[in-house]
Amino acid sequence: MYEDKLDKTLELTTSILSMRDLNTLLKKIATATIDDFGFEQCDLFLLNDERDAFDLKVTKGYSDALTGKVEGLAKSMSTFKNDLAEAERLGRFTYLYKADPSTNDRNYYGLLHPERAKMPRQGPDDWHELDVLYVTFEDSEGNIIGFMEPDAPKSAKLPNKNLVTNLEIFASLASIAVANAEMLDALETTVKHYKAMLDSTASLQEPGDLKSTLKTIGENLNVFVPCDELSIYIVDWAKNLLIPVYATGPYADDVMADVGGLTGLAGAVAKSGKVEIVQDSIVDDRVEDIPGIEDLEVPQTMMAIPLKGKVGVEGVLELYRDKSRQFTVMEVTLAEPFAAHAAIAIENAKMREELRNNFESVQRAYDEMLDLDKMKDNLVDTISHEMRTPLTTVLGYLEMASVGMYGDVPPKMKAKFDTMLESVKRINQLVSAMLELSRLEKKTLKLDFEPVNMAMVTREVLKELDHDIAAKKHRVTVLFGNDLPVVEADRLRIHDVIENLISNAVKYTDPGGQITIGADILGGKMHLWVKDNGIGIPPEEQDKIFDRFFLAEAGLTREDGRLGVGLHISREIVKRHGGDMWFESAKGVGSTFHMAIPISKSV
Ligand code: ADP
C-alpha cells in the first residue's frame, strides 16, 4: 500500500511514464489505483474534444454485468463541471456507506457524500454522480484531459489525506504519460488517415470495375468516419432514378436490390447538391423507404453527400450509424474528399462505358465495310472472269476482219477497225489488271519461276513500246553490263513490271524526253532502274504512289485509260519475289523507279 509513502508513488509513476500505448497505459493506471492505492473499483474517462465530453475508456473491478452496461458511456463536459463544482462546494466523500447486497451484486463500501446519502438510491442503475473521488488528469496548460473515479476502499475506511495527496501526485505525473500517449495516438491516427486517403486516391487509377473501386473508397472512408452502413447510388437523370452501385452493412443486399425514384434523403441531396445530416432516422420526414432501416431497432443518424462530377451530381453517398453516435460537421469535412473520389470513379466508369460503345460501333462499321469490300472484290473478280472469254472472241474476230480475212477492207473502214482494236485491247488490259489484283489480294497468285535474263526482257519491252516512244520522240539509253547474272523469277510477271516502269516513264515525260534504264547488283540483289526527266511526282503525292487506284492529280485523267493499279501490282509482284520497289522523284525534274529482286528464288 502506498497510502503514505511518496517514494513508492514516484516509483510506480516512473514505471508508467515510458508507456507508449494509450490503452495499455490507461489500464495500468486503473490497475495501480486498485492494487496500489487500495480501491476495489476504478473508472477512467478521457476527453473527446470533438464531442466536448469525456468517454469512458477503462472500467476495472466491477462485475462483468455492470462493465457491459457502462460500455460507450460518456459524461458531457457540462455534467462533469457541475459535479466537480458540487463536490468542491459540499466537500468530498465524507461518508462511507455499505452497499446493500440485495440491490448490489456484491458487498462493498462506497464513497458517498452525506447530501447524496440522504436521497434514496433507486437501485444499482441509479448513478450517484457525487459519490466518488474525482482525480483529474491535466495537460501542461492545466486543461483537464480526463479523470478517474476510484471507489470502494478495500479497507472499508474513508481514504485518509495522505492517500489522496499521493493519488493526486500519481495522477498529475500520469497525466504526462497520458498526454504523450494521446499525442502518439493522434499521430498514429493521422498516419492511418493519410494512408487511407492515399489508398482511396490510388484506387482511382486501378483499371478495376466500378464496384471494387467504390469498395476501396468506402472502406478507406470508414477509417475516418466509422459507420454501420454505407451505400452509394448513381443518379440516372434521364429516368429519374437512384441506382444503388455499392452497399455495406447488414442490409446491403436489400439496398442493392432497390432501384428507386429520386425521393427520400438521397433524392433530395441529389437534387439540391447539398450535404444533409439526419439525427434520427425514425422521426425525420426526409427519410423514407430505406430498405432494412425500418427493421433496425435503434434509430440511425445519417449523412448524405452529393457526388459531384464535372457536369453535375452523379450520385449520392449515404452513411448510417447508431443514433447514439451522431455524425458531426467535422466528419462531413472528412468524408467529402472520399465523396469526390467516388464521383471521379463514377465519371471514369461512364467514360469507359462510352468509349466501349464507341469502339463497338466503330468496330461494327469497320466489319460492315470489310464485308462490302469483299463483296465488291468478288463482283470485280466474277465480272473480270466473265468478260475475258467474250473479249478474247471479239478481239480475235476483229483482228481477222481488220486484216481482210472476211473480205476486202476499204481504207476508211481499216482506220475504224484499228481504233476498235485499240479500245478492245485496252479493255483487255484493264480486265487482266483487275484479275491480277484480285489474285494478289486473295493470295491465289502463283509465281512461275524460271531463269530470266533481265536484259533480254527489257529489250522485248522496249520493242513493244517502240511505237509509243517514237510517237513522243523520247531518247532511250540502256546501261546494262554484260556480266549480269540470270535471275530466278516469273518471266511474264517481271516483264509486266518492267513494262509498267518504262511505259510510265514514257507517259509521264513530255515529248523529247530522256529515259535511261540501268541494271546492276545491289546488296546481293538484281537491281533495275528506270530514270526519266519527266513531270516528276510532287512531295505530297509521293507516299500514295503505290496505293491501289491512285492517280496523281497532275497530268492525265482516268479518261486516258489509266487505272492507277500498275505500280501497286508491280510492287506486290516484286515483293512476292522477295524484293522491293522504290523511287526518287522531284516535280518538274524527273523520277527514277527502282526494283530489286533476289538472284535465286527465295523461299
Ligand atoms: P497509271 O499509270 O495507270 O495511272 P500507275 O500505278 O502505274 O498507274 O502509277 C500511279 C501514278 O503514279 C500515276 O498515275 C502517276 O501519277 C504516277 N507516276 C508513275 N510513274 C511516274 C513517272 N515516271 N513520273 C511521274 N509520275 C509517275
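A few notes on this one:
- Total residues in the stretch 326-348, condition in contact with a Lys or Arg (Cβ under 9 Å, 6 or more places away or on another chain) and farther than 15 Å from residue 273 by Cβ: 4
- Single condition residue 464 does not satisfy, out of (1) closer than 22 Å to residue 571 by Cβ; (2) open to solvent by less than 50 Å² (accessible area, probe 1.4 Å): (2)
- Single unsatisfied condition, residue 422 versus (1) among the acidic types (Asp, Glu); (2) open to solvent by 60 Å² or more (accessible area, probe 1.4 Å); (3) under 20 Å from residue 492 (Cβ atoms): (3)
- Selection count, the stretch 425-461, where residues are modelled with pLDDT of 90 or more, in a helix (DSSP H, G or I) and open to solvent by 80 Å² or more (accessible area, probe 1.4 Å): 2
- The residues listed here are 539, 511; of these, the one that is modelled with pLDDT of 95 or more and open to solvent by 50 Å² or more (accessible area, probe 1.4 Å) is 511.
- Residue check for residue 544: at pLDDT 95 or above and surrounded by fewer than 20 Cβ atoms within 10 Å (Cβ to Cβ): no
- Qualifying residue in the stretch 64-73 (condition: of a type in the set (Gly, Ala, Ser) and modelled with pLDDT of 80 or more): no
- The residues of the stretch 478-500 that are in contact with a Leu (Cβ under 8 Å, 6 or more places away or on another chain) and either within 11 Å of the ligand (Cβ to nearest atom) or basic (Lys, Arg) (or both), listed by number, are 493, 499, 500.
- Residues of the stretch 569-593 that are within 12 Å of the ligand (Cβ to nearest atom), surrounded by 19 or more Cβ atoms within 10 Å (Cβ to Cβ) and over 47 Å from the mean Cα position of the chain (by Cα): 570, 585, 590, 591, 593.
- Here is the figure for the stretch 514-534: residues that are of a type outside the set (D, E, K, R), under 57 Å from the mean Cα position of the chain (by Cα) and either open to solvent by less than 30 Å² (accessible area, probe 1.4 Å) or modelled with pLDDT of 95 or more (or both) total 6.
- Candidate set: the stretch 594-603, residues that are assigned to a loop (DSSP other than H, G, I, E, B) and touching a residue at least 24 places away in the same chain (Cβ under 8 Å); chosen: the one farthest from the ligand (Cβ to nearest atom): 600
- Residue match in the stretch 30-42 (condition: at pLDDT 75 or above, farther than 24 Å from residue 157 by Cα and surrounded by 18 or more Cβ atoms within 10 Å (Cβ to Cβ)): no
- Scanning the stretch 467-486 for residues that are in contact with a strand residue (DSSP E or B) (Cβ under 9 Å, 6 or more places away or on another chain) and open to solvent by 100 Å² or more (accessible area, probe 1.4 Å) returns a single hit, 475.
- Residue selected from the stretch 509-537 under the condition touching a residue at least 60 places away in the same chain (Cβ under 8 Å) and at positive phi, by the criterion nearest to the ligand (Cβ to nearest atom): 523
- Test: residue in the stretch 149-165 that is under 30 Å from residue 323 (Cβ atoms) and at pLDDT 65 or above: yes
The values are calculated or read from the model by the stated rules, or taken from the named source; none is laboratory data. The model shown is predicted, which means the values in this text are computed figures rather than measured ones. Note that we place each Cβ from the backbone using ideal geometry, even for glycine, and neighbour counts take in every protein chain shown. Side chains included, ligands, DNA and RNA excluded: accessible areas come from the protein's heavy atoms. Shrake-Rupley method; radii C 1.70, N 1.55, O 1.52, S 1.80 Å.
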